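Asks: Here's a structure for you.
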Amino acid sequence: MSPTEQRLYSASQIAKAGSILRDASSTPDKVEWAFGALDNFRALHVEPLNVFQNTLRARLKKLELENTIVAQRIKRKPTILEKLQRFKSMRLDQMDDIGGIRAIVNSIEELQKLCKLYTDGSHKLLHELQREDDYIAAPKSSGYRGVHLVFRYQTSKANKAGYNGLRIEMQLRTQLQHTWATAVETFEAFMGEKFKSSQGAQDWLDFFALVASAFALKEKQVPLPEHAEMTKAELARKIKHQADELQVGLIMKSFSLAANNLPPRYRQKGGLALMIFDSVTKSANVTIYPKDRYELAYEAYIREEQRSSKESTRQVVLVKMDSIQKLEKAYPNYFARLKDFQAELNHVFSWCS
């Protein structure tokens, strides 16, 4: 039976599975059962994600926004386990971002218009808006910016009632915010750090925070509080000094060389991509599946995740895109395409003079 066909576990069973997976003393039999529950629970999010993607595309079209990118993904199993460990009180059945969809637009103004369609008046969805996190007005301490909307999926269709209550997180970013976030993910993947969780070498965390404040100023937004008193020139000089000390440019070149191992991209409409990256060998592999072969892709994803659970240097992700041609733009952290980040850094460096 495909894990996408129906809900096999109740909310309380999913919560129990999370507790088992969090507990290092759990028996192998319990862990095996818990992973089965987790696999089914994750797979259930595909249907709601497809619904949200269709609505999102319609709303982007309504606003006549061009050159936008839409991507959706199911949260990776290792990331779920790491999150359960970090947040001891979190219930697996209430994790907000197992199903995630992202829209990348060109400007703050476009982002605000799109966000308004989901939060104001008659344009609101039937799905319950549980939470709105505005990380632009109040950036995370790491420097991350964007808007996150968390919904509880609702449908009146009897054959889809098993999806009711599932949480879907929508992330809205500008291109510049996305450039920063994916650069952080690139360095994290290649260096084996956890920069997204504000963990790792402090000089690197300081560098990314400084760059985030500079990018915020470029979009006429607020910098991080610790940089609020710095002029643009002072901020740029500090970033330039940090970049030189950390040899950021040289490291980015090494990332690009590693990315040359990738196979050619296929020119096709829609589809799924199974991406595997090894932070030790600096190798990357991408397998493309047609959009009607989800179950085949999912089975391969499960196999690779099982292998990755024993090889911590491997990262595995399965993504669905409107066009595989846009895959690299939406997930450049797996391709080490840091040209945009380097170009933006160069622009910041020009403030030094």
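The values are calculated or read from the model by the stated rules, or taken from the named source; none is laboratory data. Fair warning: this is a prediction, and the values are worked out from it, not measured in the lab. Using ideal geometry, Cβ is built from the backbone for each residue, glycine included, and neighbour counts are taken over all protein chains shown. Side chains are part of the model used for accessible areas, which takes the heavy atoms of the whole protein and leaves out ligands, DNA and RNA. Shrake-Rupley method; radii C 1.70, N 1.55, O 1.52, S 1.80 Å.
Asks: Please compute the per residue accessible area over the stretch 44-184 with all protein chains in place, 1.4 Å probe, rounded to a whole number of Å².
Replies: It amounts to 42 Å² per residue over the stretch 44-184.
Asks: Excluding V348 itself, what net charge comes from residues whose Cβ is under 14 Å from its Cβ, given Lys and Arg +1 and Asp and Glu -1?
Replies: Taking every Cβ under 14 Å from that of V348, the sum is 0.
Asks: Largest first and in whole Å, what are the equivalent-ellipsoid semi-axes of the stretch 107-165 based on the Cα gyration tensor, each being the root of 5 times an eigenvalue?
Replies: 28, 15, 8
Asks: Let me ask something additional. Roll a 1.4 Å probe over the protein chains and send me the accessible area per residue for the stretch 189-260 in Å².
Replies: Solvent-accessible surface per residue comes out at 52 Å².
Asks: Given that compact globular proteins tend to follow 2.2 N^0.38 Å, what is the ratio of the alpha-carbon Rg of the stretch 164-224 to that value?
Replies: Scaled against compact globular proteins, the figure is 1.31.
Asks: Roughly what angle does helix 108-119 make with the longest principal axis of the chain, taking Cα atoms, 0 to 90 degrees, to the nearest 10?
Replies: 20 degrees
Asks: Roll a 1.4 Å probe over the protein heavy atoms and report the accessible area of T179 in Å², nearest 10.
Replies: Number for this one is 20 Å².
Asks: If you count, for each residue, the other Cβ atoms within 10 Å and average over each peptide, how do 48-54, 99-105 line up from highest to lowest?
Replies: 99-105, 48-54
Asks: For the pair K253 and T119, how long in nm is the line joining their label points, each one 7 Å along Cα→Cβ?
Replies: The answer from the label model is 4.4 nm.
Asks: Shifting gears a bit: What whole-number distance in Å separates the alpha-carbon centres of the stretch 337-353 and the stretch 156-208?
Replies: So the separation of the two Cα centres works out to 22 Å.
Asks: Obtain the nm distance between the two label points defined at K160 and R237 by a simple spin-label model: each point lies 7 Å from its Cα along the Cα-to-C-beta direction.
Replies: Modelled inter-label distance: 5.8 nm.
Asks: Can you give me the solvent accessible area of S197 with a 1.4 Å probe, rounded to the nearest 10 Å²?
Replies: 40 Å²
Asks: Once you put a point 7 Å from the Cα of S198 and another 7 Å from the Cα of S312, both along the Cβ direction, what distance in nm separates them?
Replies: 2.3 nm
Asks: Hey, another quick one. Any chance you could run the full-extension gain for K218 through K339? It's 0.36 nm times the residue separation minus the Cα-Cα distance, nm to one decimal.
Replies: Contour length minus Cα-Cα distance gives 41.8 nm.
Asks: Over the Cα atoms of the chain, what radius of gyration and what Dmax do you get, in Å?
Replies: Reported Rg and Dmax, both Å: 20.5, 65.
Asks: Quick one: with all protein chains in place, what share of the accessible area of the chain is carbon or sulfur, to the nearest percent (1.4 Å probe)?
Replies: That share works out to 49 percent.
Asks: Related question: Under a 1.4 angstrom probe, counting protein chains only, how are C352, C115 ranked by accessible area, largest first?
Replies: Largest to smallest exposure gives the sequence C352, C115.
Asks: Separate question: What does the net charge come to around P139 if you take all other residues with beta carbon closer than 12 Å to its beta carbon, with K and R at +1 and D and E at -1?
Replies: Result for the local shell: -2.
Asks: Would any residue of the stretch 51-85 have its amide N under 17 Å from a label point 7 Å out along Cα→Cβ of V31? List them or say none.
Replies: Within reach of a label on V31: 77-85.
Asks: Using only the alpha-carbon atoms, how far is helix 46-62 inclined from the longest principal axis of the chain? Give it as 0 to 90 degrees, nearest 10.
Replies: In the chain, helix 46-62 runs at an angle near 50 degrees to the longest axis.
Asks: Å³ per residue of the Cα convex hull, for the stretch 31-137?
Replies: Per-residue hull volume (Cα only) is 129 Å³.
Asks: I've got another one for you. Write down the Kirkwood hydrodynamic radius of the stretch 102-239, to one decimal in angstroms, obtained as one divided by the mean of 1/r over all alpha carbon pairs.
Replies: Its Kirkwood hydrodynamic radius stands at 16.6 Å.
Asks: If you look for lysine pairs in the stretch 1-127 that are eight or more places apart or on different chains, how many of them have Cα atoms under 20 Å apart?
Replies: Step by step, the pairs that qualify in the stretch 1-127 add up to 19.
Asks: Which whole-number value in Å³ per residue fits the convex hull of the alpha carbons of the stretch 1-93?
Replies: Spelled out: Cα convex hull of the stretch 1-93, divided by residues, is 125 Å³.
Asks: How much net charge surrounds D244 when only the other residues with a Cβ under 15 Å from the Cβ of D244 are counted, with Lys and Arg +1 and Asp and Glu -1?
Replies: Summing Lys/Arg as +1 and Asp/Glu as -1 gives +1.
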